[in-house]
Amino acid sequence: MLSRQFRLLISNRAFSAAVQDATSSTDTRRELWRKPESPFVKTPQAWVSSLETVEDEKLGLVDLHPDIFRTTPRIDILHRNLTWQSVYRNVQMTKMLTKAEMPGGGRKPWPQKKTGRAHVGSIRAPQFIRGGFANGVRGPRTWFYMLPDAIRIQGLCVALTLKHAQDDLHIVDNIQNLQNGDPKFWIDLCEARNYGYSVLFIDDCDEVSGGLAEAQQALPWLNVMPVYGLNCFSLIKYDTVVLSRNALDRIEERLLTHIHRAGPMNKKYKYMDMKEKILQEAEGEEHPLMPPVV
């Protein structure tokens, strides 16, 4: 019993020494903006690693903002975001023709009376095989609506919280200009670090160069996204989300700015404010045969 406690003490000291060495080697601590002062709020942390080697080389610990990575897991708000992203771009183009729009059928097929048959005025009536539709789909139809900004921001915080709580959110020092672009290297890296079947890399820049860009063309399950394209659907779709340090700072800056802003979140669009811009959209698209319609 004594030897077991002694081994446990040695292992705890070794782990604390390893953490101190990692944090001292690369100082990743930072001051969080508008951090909650409640003693019951715990600041989450994440390891910062490098993508230069297959092994998960720890460079240090970084503090995460609790308002973003420790928010209440509101599954209902996350569901509202996913539903909105799934349907707001859908347009139903199907248009089923009515009896009046069907070609033919102008003549009465048989007399009104004394035939023993039903009273019919056209062979394009809905009860005939090639007749029109009485209550058919009348497209184009859209399901477009805009979700409030507060719900979208809270949905992003919930998605990031769930990813971090499930150990599917990783922080790296850099994803730009990596040396190794061999697809086999990235397959081994994802297997060694247990990244899963799909990985989403997020950076603050919309252009990625180096080894990751070369491997991403050969491996369709690796995807790269800029910070301004971050959304709930992509966070839930991919098994693992990898953030660069610059992307982490940018995400916290943007989300905290909108969370603590004093003015209204929902923008108000008036046609009179956009009328001149809308009417001048097609000025540079003049075509002699196909003039634009505004």
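Show the residue pairs that are 6+ apart or on different chains and have beta-carbon atoms under 6 Å apart, the first residue being within the stretch 38-58 and closer than 14 Å to PHE69 by Cβ, the second being modelled with pLDDT under 90 and among the acidic types (Asp, Glu). Within 6 Å, no pair qualifies. Scanning the stretch 223-247 for residues that are within 19 Å of SER49 (Cα to Cα), β-branched (Val, Ile, Thr) and surrounded by fewer than 21 Cβ atoms within 10 Å (Cβ to Cβ) returns VAL224, THR240. Against the test of being surrounded by 11 or more Cβ atoms within 10 Å (Cβ to Cβ) and of a type in the set (D, E, K, R), the options ARG130, ARG152 yield a single qualifying residue, ARG152. The condition of being closer than 30 Å to ARG245 by Cα, in a loop (DSSP other than H, G, I, E, B) and open to solvent by less than 80 Å² (accessible area, probe 1.4 Å) holds for only one of THR71, THR115, that being THR71.
ARG250: surrounded by 16 or more Cβ atoms within 10 Å (Cβ to Cβ), not in a strand (DSSP E or B) and not polar (S, T, N, Q), yes or no? In short, yes. When the residues of the stretch 76-112 are filtered to those that are farther than 23 Å from GLY136 by Cα and of a type in the set (D, E, K, R), the one that is surrounded by the most Cβ atoms within 10 Å (Cβ to Cβ) is ARG80. Check whether at least one residue in the stretch 185-193 is in contact with a His (Cβ under 8 Å, 6 or more places away or on another chain), open to solvent by less than 40 Å² (accessible area, probe 1.4 Å) and outside any helix (DSSP H, G or I), and report yes or no. Checked against the condition, which is being in contact with a His (Cβ under 8 Å, 6 or more places away or on another chain), open to solvent by less than 40 Å² (accessible area, probe 1.4 Å) and outside any helix (DSSP H, G or I), the stretch 185-193 yields at least one hit. Within the stretch 122-136, not a single residue is closer than 30 Å to PHE233 by Cα, β-branched (Val, Ile, Thr) and outside the structural domain of CYS232 (by the TED database). When GLY155 is tested against the conditions (1) more than 30 Å from PRO44 (Cβ to Cβ); (2) not in a loop (DSSP other than H, G, I, E, B), the lone failure is (1).
Among the residues making up the stretch 196-213, those that are surrounded by 16 or more Cβ atoms within 10 Å (Cβ to Cβ) and of a type in the set (Asp, Glu) are ASP203, ASP204.
The values are calculated or read from the model by the stated rules, or taken from the named source; none is laboratory data. These numbers were taken from a predicted model, which means no experiment stands behind them. So basically every Cβ, Gly included, is an ideal-geometry build from the backbone, and we count neighbours across all protein chains shown. SASA here: full protein model, heavy atoms, side chains in, ligands and nucleic acids out. Shrake-Rupley method; radii C 1.70, N 1.55, O 1.52, S 1.80 Å.
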